[in-house]
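Here's the structure we're looking at; comments come further down.
Just so you know, all these numbers are worked out from the coordinates, no wet-lab data involved. Treat the numbers as computed from the prediction; the structure is a model and nothing was measured. Here the Cβ positions follow ideal geometry from the backbone for every residue, glycine too, while neighbour counts run over all protein chains shown.
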Amino acid sequence: MHRDPADPSPILSATRGAADVAASPVRPACAGPRVHLVGAGPGAADLLTVRAARLLAQADIVLHDALVPAEILALAGHARIVAVGKRSGRPSSAQSFINKQLIDAARRYAVVVRLKGGDPMLFGRAQEEIDALVREGIAVEIVPGISAAFGAAASVQQSLTQRGVARSVMLLTPAVGKGETGHDWATPAVAADTAVLYMAGRQAGAIAAGLMAAGVAGSRAAVIVENATLGARERILVTCVSQLEAQAARLGDGPALILLGDVFANLQQRADIAAHLGLATHRVA
Ligand code: SAH
């Protein structure tokens, strides 16, 4: 499909039919209200998708989570920037208030971007926002992002799957929201060859205890990755389940994942990676 190079309009027009072109965000006269739910990736600004960067450049308002870095927000050159982030243990906006802010923004602004860390469809309460917008007759477009699990796998230079070792990957969180009852996260974590635990850094002791109660050996390989893809702030701790709590005590206050599985067992033996990660002192028990 040939596009007019002077036409700044969407992204969406390249891949969708004529009806979508008519509803493109840069033609507010024809457009109904619309919100772009956009993944910001794991942290590094250049891990944003091209589509996300183009939408940010067009945005009139950006409502973003706490984890989205300033370099990415800077791409929204003329937009009003509104922080609506929730971070556990910190003051936060209630989800219903965020939903209302999105609805109001969609009615007032032509190009509305709701920016979430990683991929918007994973542990980001995207469904509540989608449902609230659709109920109000507001269209939603989703732009995927690189989830933290994949940023972390890249940082530790270890594939989450590996022939003969791991053919299943579980993305899960032991965290529960306010008012929710606990859930059995350990059974799926144990059942998968590789498990990636989100929102896990600050609960490492309870996680280790839960895993061992579910039958996981204390010697099972585990890696904690804080601030994955964020350059000098990134921290990688290669350890084992029984040492998770002690290692997690070394974390700063950045977002962290716990990775579990046999694929990580050889990480410390790989001299190239060990040098890169500064692993000299921690050996898997
Ligand atoms: N939608 C996001 C996840 C949001 S939940 C995604 O797809 O990545 C927030 C959790 O993601 C954090 O508590 C942490 O476990 C993880 N996380 C996000 N960014 C991270 C990063 N740069 N490094 C390590 N973990 C990260």
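Here are the numbers for the structure shown:
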item	result
Extension gain, K178 back to D253 (0.36 nm per residue minus Cα-Cα distance, nm)	24.9 nm
Inter-probe distance in nm under a simple model that places probes 7 Å from Cα toward Cβ, at A74 and A191	4.6
Per-residue HN-Hα couplings for region 32-42 [Karplus 6.51, -1.76, 1.60; θ = phi - 60°; Hz; x = Gly/Pro]	x, x, 8, 10, 9, 9, 10, x, 8, x, x
L37 long-range amide H proximity, modeled H, under 5 Å	R114, E141, I142, V143
Set of region 220-235 residues, backbone N closer than 20 Å to the point 7 Å along the Cα-Cβ line of E245	220-225
Descending Cα extents along the principal axes, region 202-262, whole Å	35, 21, 13
Cut-off under 5 Å, modelled amide H: who pairs with A221 long-range	G261
Chain lengthening between A217 and A232 when straightened (0.36 nm per residue, less Cα-Cα)	2.2 nm
Burial ranking of peptide ranges 158-171, 55-68 (average Cβ count within 10 Å, highest at the top)	55-68, 158-171
³J(HN,Hα) computed for each position of region 186-199 - Karplus, 6.51 cos²θ - 1.76 cosθ + 1.60, integer Hz, glycine/proline x	6, 4, x, 5, 7, 5, 7, 5, 10, 10, 10, 9, 8, 6
